[in-house]
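Asks: The structure under discussion is supplied below as structure tokens; questions concerning it will follow.
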Amino acid sequence: MTLKIAFVDFWGDFDPNNNFFKDLLSTFVDVEVVEPHACDVLFFSCFGSRNIAYRNKKRIYYTGENLRPSYDQDHADHRGFRSDRCDYSLTFDFSDDPRNIRLPLWMLQIDWFNKGGYVNPEFVLPYEQLWDNPFMKDVKTSFCSFVYNNDAPYRKDIVDELSKYKQVDCFGKPHGNWFYGESNKIKCISNYKFNICFENSLHPGYYTEKPIHAKFAGCVPVYWSDSLMAQDFNPKGFLNLTDFNSVKELCDRIIEIDGDDAKYSSIRAEPLFSPDQDPKQMLNSITNKLKQIL
């Protein structure tokens, strides 16, 4: 049996014939990518509205944005991102709904299928290097970096506060020095002791590429997420704004660690995942649930 699939409304540079979803499905079923009108299963995301023309298909919604799935009706949030009706969903959410399969965006940053990269993401992280790679061994010659393209809560606040102590080097469209590619980002931030990697917004389970890139680059991630991130990552290897009463209190802690080589080395040496957090287990769970619904 060949499963005919199609993709609509995904992000820019998404290649229907070369992506995580196709590769994952191909591990347990023969897959053919076809036009939406001819598919058995339609995968769609939130970046458009073409999918509404294909209501007679089995519909699986994927989002890398902080959005909830909709099983009954279409809607859009205040930013214009769409969440159209689906039969099943792949999202960040910690959910008991059997129609939802948890697939946080950071999972798509790992090179599960020996591809090296897709068009977007351009580079994915080798699984075996998540615990040890050359970037982690590099001597960090600069203080703190921050790569972002959008204003979001607390971003300006932490840059302003921490810059009173030492320069924070910012990269991205607001600063006129944006660059493309995950590989370029990791090379850039690997020169820094700390990397600010605040999420765009807060929701349980909403963890993107930001913390995994920082940790892979050998930085101490200065993160902002909810406390349930400890279910995905080793919290001993992070500084999380959620654990502090204010941005200033977090900055005071960064300054303390920056001035103490032993404290810095200790937190930097903590692995991305705790011993019981092998992400391969999550991949296996996702695979098994997809087998059941397809």
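Bear in mind that the values in this text are calculations on the coordinates, not laboratory data. Note that the structure is predicted; figures quoted are calculated from it, not measured. Cβ atoms come from the backbone with ideal geometry, glycine included; neighbour counts cover every protein chain shown.
Asks: Go through the range 2-16 and give me each residue that's surrounded by fewer than 20 Cβ atoms within 10 Å (Cβ to Cβ) and either within 21 Å of ILE286 (Cβ to Cβ) or charged (D, E, K, R) (or both).
Replies: Narrowing the range 2-16 to residues surrounded by fewer than 20 Cβ atoms within 10 Å (Cβ to Cβ): 2-4, 11-16.
Those that are surrounded by fewer than 20 Cβ atoms within 10 Å (Cβ to Cβ) and either within 21 Å of ILE286 (Cβ to Cβ) or charged (D, E, K, R) (or both): LEU3, LYS4, TRP11, ASP13, PHE14, ASP15, PRO16.
Asks: So, one more: Would you pick out the residues in the range 17-28 that are surrounded by 13 or more Cβ atoms within 10 Å (Cβ to Cβ) and either without any contact (Cβ under 8 Å) to a residue 12 or more places away in the chain or under 22 Å from ASN288 (Cβ atoms) (or both)?
Replies: Restricting attention to the range 17-28, the residues satisfying the condition of being surrounded by 13 or more Cβ atoms within 10 Å (Cβ to Cβ) are 18-25, 27-28.
Matches in the range 17-28: ASN19, PHE20, PHE21, LYS22, ASP23, LEU24, LEU25, THR27, PHE28.
Asks: So which residues in the range 118-167 are charged (D, E, K, R) and surrounded by fewer than 17 Cβ atoms within 10 Å (Cβ to Cβ), if there are any at all?
Replies: GLU122, GLU128, ASP132, LYS137, ASP138, ASP151, LYS156, ASP157, ASP160, LYS164, LYS166
Asks: Being surrounded by fewer than 21 Cβ atoms within 10 Å (Cβ to Cβ), part of a loop (DSSP other than H, G, I, E, B) and in contact (Cβ under 8 Å) with a residue 60 or more places away in the chain narrows it down to one residue among ASN56, ASN66; which is it?
Replies: Numbers: ASN56 fails: in contact (Cβ under 8 Å) with a residue 60 or more places away in the chain.
Unique residue meeting the criteria: ASN66.
Asks: Another question, if that's okay. For the range 171-269, which helices (runs of 4 or more DSSP H) that fit wholly inside it have 1 or more residues that are more than 21 Å from the chain's Cα centre (by Cα) and surrounded by 18 or more Cβ atoms within 10 Å (Cβ to Cβ)? Outline the logic, then answer.
Replies: On the way: elements: 182-189, 209-216, 247-258, 261-269.
The qualifying helices (runs of 4 or more DSSP H) are 247-258, 261-269.
Asks: Can you find a residue that is aliphatic (A, V, I, L, M), outside any loop (DSSP other than H, G, I, E, B) and closer than 19 Å to ARG68 by Cβ anywhere in the range 97-104?
Replies: Residues of the range 97-104 that are aliphatic (A, V, I, L, M), as a first pass: 101, 103.
Subsequent filtering for residues that are outside any loop (DSSP other than H, G, I, E, B) retains 101.
With the extra rule that they be closer than 19 Å to ARG68 by Cβ, the set shrinks to 101.
Yes: one or more hits.
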